[in-house]
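Here's the structure we're looking at; comments come further down.
The values are calculated or read from the model by the stated rules, or taken from the named source; none is laboratory data. Bear in mind the structure is a predicted one, so any value in this text is a computation, not a measurement. We place every Cβ from the backbone using ideal geometry, glycine too, and count neighbours over all the protein chains shown. For accessibility, only protein heavy atoms count, side chains too; no ligands or nucleic acids. Shrake-Rupley method; radii C 1.70, N 1.55, O 1.52, S 1.80 Å.
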Amino acid sequence: MLRLVKTLQIQLQSALEKACPEAAKIAHASDTTLNPQLGPASKPEFGDFQVNGALPLAKLLKQSPRHIALAIVEQLQTNKDFSSLCQPPKIAGPGFINLTLTTKCLKEELRIQLKDQRLGVPLVDSAKPVQGNGSVVVDFSSPNIAKEMHVGHLRSTIIGDSLARVLEFRGYSVLRLNHVGDWGTQFGMLITHLKLVAPEALTKANAIDLGDLVHFYREAKKRFDEDIAFKTAARQEVIKLQSGDPLTIKAWKLLCDQSRKEFQQIYNQLDIRLTERGESFYNPYLKQVIDDLDSSKLLVNDDEAKCVFLENISGKDGKPLPMIIQKKDGGFNYATTDLAAIRYRFNPSPEGDGAHRLIYVTDAGQANHFAGVFQIAKRANWIPDYGRIEHVPFGLVQGEDGKKLKTRSGETIRLRDLLKEAVSRAESDLRLRLKEEGRNESESFIMKVSNTIGIAAVKYADLSQNRKTNYQFSFDRMLALQGNTAPYLLYALVRIAGITRKGGGDLDIAIENLDFNELKEWSLIRELLKFDEVILEVEEGLLPSRLCTYLFELSQVFNRFYDQIPVLKANEPQRSSRLALCRLTAQTLKMGLTLLGIPTLERM
Ligand code: ARG
């Protein structure tokens, strides 16, 4: 039977909404004002959920909040669906309504979750009319050609990938776009310089590697700033590139390929899938941006540059800030390309993506840039009424000294080296542990496990932080077997999966005979049932750390259960019921880690 999956919170919220019109009559309010919100209980003593909102409403209606809460409770209890989910509600303090699920409901939900491969997480509502073509763009990673990928790009890559995974799991068609910096002035400089110092790089593949390229780029930039003749030549080269001169285009392609190969190595190592659609892709659409902005009367000529003045965003001098769309010399900016990209991504015609949500994962330093382009896109009417556009900012990566992450000799850390070090440290930890445990494992086992743990540790350390704050990079902390770390969770999963394997038994029979009578069992069940809601929260708030915190809490609640309650030694039907809980815990951890982009292990 096809069951329309709804999270418990959604079911309760809808019961609440049904109760409101009647309750409003009793409380002499019009139902539009009676709109209480349901949320998880702030403390376990309060039950599972609580309803807030009676308080502000009471002020509005000049009534006692208790009176209003009572009216809501009375109505809720006339609803049969509600009564099968919740015990009679309790009114606490001046008008909070506390809801506690019935054991019957908990058991029923658990039964459903045990049978469901999606662990209760609903798929996007296919009954709803699709807006645009139903896809979501996640713009992430996005390094710049001819420059090294740095730790900021690493954060974007890891965070963006996990958000894309969550959205994909929910059933959206996700466009994972790599908006690489592959266009503009930097190529003019680079090509002009290479013509003089390393012309073979412009005609032959693999003539230089990315390290050299980065070095040449730095030299080129220096000359560009110092030498007027060089500057002019570089500008001409850009114009040649933008107008499609075959030789320049060929050189440009070679340079892009070189960088691309390097980036791909990192993506392979991190298991990241991305579709490259760099800035150059939008070149043919830039003119339409100018035309649109012009016809919506947003474009202003300011000292020969074309710009749009931003509303409610002013510069240091307090005057409205202009965003330059086309420079004096006719060139376009990073912002122009982003405007063309927004226009293209929302555009539902074949000449666009028809997305309904755009998500941009970059460092917080670009917040003003995105606020500006989003505003202009809105004013130019490129964002459909159903469209959603969000910048997902993250803080800086710092070393343990709180300063910018550097090598010991003070250079910027290369990503490849950083990942290599994580893996090699994981390997020495593992060899030590194996020795202590007196285990003898094959080299291929050691390689596989240390690789998984090393990469998992780097990813998880990044994801488990609230992304908005700066984040201190510490190999020791991320590789610790204790605390909110990847090794801890991977190990918890291995252990729990081991228990279920040892326990054996037939899950289908267990599901029909579930029997629980311990508080620690109910706490674990409650925790397991939160998974669906957590996934919806990540979809909405775009904070992977929410999922990390949940997985960490789940494994702690599990430990409390497993430390105090016998599982394998219990009698039936408790034994099978408890094994079913172990099994679901393992599945939830595995699914959660997978959604974070972290592969799991059978043994470690
Ligand atoms: N290439 C840029 C950088 O390295 C990031 C691009 C982000 N995406 C975008 N659509 N602007 O900072």
**OP:** Determine which lysines satisfy two conditions relative to K43: a Cα distance under 23 Å, and not lying fewer than 8 residues away in the same chain.
**Re:** K90, K104, K107, K520, K530
Original post:
What is the magnitude of the charge dipole of the chain about its Cα centre, with +1 placed on the Cβ of each Lys and Arg, -1 on the Cβ of each Asp and Glu, and no other charges, expressed in debye to the nearest 20?
Top reply: 540 debye
Original post:
Residues with amide H under 5 Å of L543's amide H, sequence separation 5 or more or different chain, H placed in the peptide plane at 1.01 Å from N; which?
Top reply: none
Subject >> Contour minus Cα-Cα distance for T275 and K316 (0.36 nm per residue) >> reply: 10.9 nm
Original post:
Among L405, S424, I446, whose Cα sits farthest toward the positive end of the charge dipole of region 389-469 (+1 at Cβ of Lys/Arg, -1 at Cβ of Asp/Glu, about the Cα centre)?
Top reply: L405
Original post:
When you count, for each residue, the other Cβ atoms within 10 Å and take the mean per peptide, how do 597-603, 201-207 rank with the highest first?
Top reply: 597-603, 201-207
Original post:
Once every DSSP H run of n ≥ 4 in the chain is given -39500 (n - 2.57) and the sum is divided by its residues, what mean residue ellipticity at 222 nm do you get, rounded to the nearest 500 deg cm²/dmol?
Top reply: -17500 deg cm²/dmol
Subject >> Furthest towards positive pole of dipole, I511, Q556, S464, structure part the chain, Cβ charges >> reply: Q556
**OP:** Kindly provide the GluC sites (Glu not before Pro) of region 349-400 that DSSP labels as loop, not H, G, I, E or B, and whose Cβ sees at most 15 other Cβ atoms within 10 Å.
**Re:** E351, E400
Original post:
Relative contact order of region 354-423: what whole-number percent is it, with Cα pairs under 8 angstrom and at least 6 residues apart?
Top reply: 35 percent
Original post:
When the Kirkwood hydrodynamic radius is evaluated over all pairs of different C-alpha atoms of region 448-508, what value in angstrom, to one decimal, is obtained?
Top reply: 13.1 Å
**OP:** Could you list, in their original order, any pairs among K420/K590; K378/K459; K420/K502 whose Cα atoms are separated by more than 31 Å?
**Re:** K378/K459; K420/K502
**OP:** Taking amide H positions as placed in the peptide plane 1.01 Å from N, state which residues far from N144 in sequence (5 or more) or on other chains have amide H under 5 Å from it.
**Re:** G181
**OP:** Starting at the first residue of region 36-43, write each ³J(HN,Hα) from the Karplus equation 6.51 cos²θ - 1.76 cosθ + 1.60 with θ = phi - 60°, in whole Hz, x for Gly and Pro.
**Re:** x, 10, 9, x, x, 4, 6, 9
**OP:** For helix 415-436, report the angle its Cα long axis makes with the longest principal axis of the Cα atoms of the chain; keep it between 0 and 90° and round to the nearest 10°.
**Re:** 40 degrees
**OP:** Could you tell me what percent of the accessible area of the chain is made up of carbon and sulfur, with a 1.4 Å probe and every protein chain present?
**Re:** 52 percent
Subject >> Cα gyration tensor category, rounded, prolate or oblate, for region 421-544 with a/c compared to 1.5 >> reply: oblate
Original post:
Excluding ligands, DNA and RNA, what is the solvent-accessible area per residue of region 372-427 at a probe of 1.4 Å, expressed in Å²?
Top reply: 56 Å²
Original post:
What is the set of long-range amide H partners of R388 at a cut-off below 5 Å, with H atoms built 1.01 Å from backbone N?
Top reply: R357, L358
Subject >> Percent of Cα pairs exceeding the 44 Å cut-off, where the set is the chain >> reply: 32 percent
Subject >> Karplus (6.51, -1.76, 1.60) ³J(HN,Hα), θ = phi - 60°, over region 365-380, in Hz, Gly and Pro reported as x >> reply: x, 9, 4, 5, 4, 5, 4, x, 5, 4, 4, 5, 4, 5, 5, 8
**OP:** Might you report the magnitude of the Cβ-based charge dipole of region 127-185 about its Cα centre, with Lys and Arg at +1 and Asp and Glu at -1, to the nearest 20 debye?
**Re:** 220 debye
Original post:
What is the local net charge at L593, summed over the other residues whose Cβ is closer than 11 Å to its Cβ (Lys, Arg +1; Asp, Glu -1)?
Top reply: +3
Original post:
Cross-link partners among lysines for K328, C-alpha distance below 16 Å, same-chain residues fewer than 8 apart left out?
Top reply: K231, K287, K306
Subject >> Pairwise centroid distance, computed over Cα atoms, of region 480-551 with region 346-384, Å >> reply: 37 Å
Subject >> Sequence-distant aspartates and glutamates (8 or more away, or on other chains) whose Cα lies within less than 18 Å of K297 >> reply: E311
Subject >> Simple label model, 7 Å out from Cα along Cβ direction - S64 to L481, nm >> reply: 5.9 nm
**OP:** May I ask which residue of G315, Q258, G330 lies farthest towards the positive end of the charge dipole of region 234-343, with charges of +1 (Lys, Arg) and -1 (Asp, Glu) on Cβ and the Cα centre as origin?
**Re:** Q258
Original post:
Treating the beta-carbon of each Lys and Arg as +1 and of each Asp and Glu as -1, no other charges, what is the dipole magnitude of region 181-273 about its Cα centre, to the nearest 20 debye?
Top reply: 200 debye
Subject >> region 480-521: radius of gyration over Cα atoms, expressed as a fraction of 2.2 N^0.38 Å >> reply: 1.57
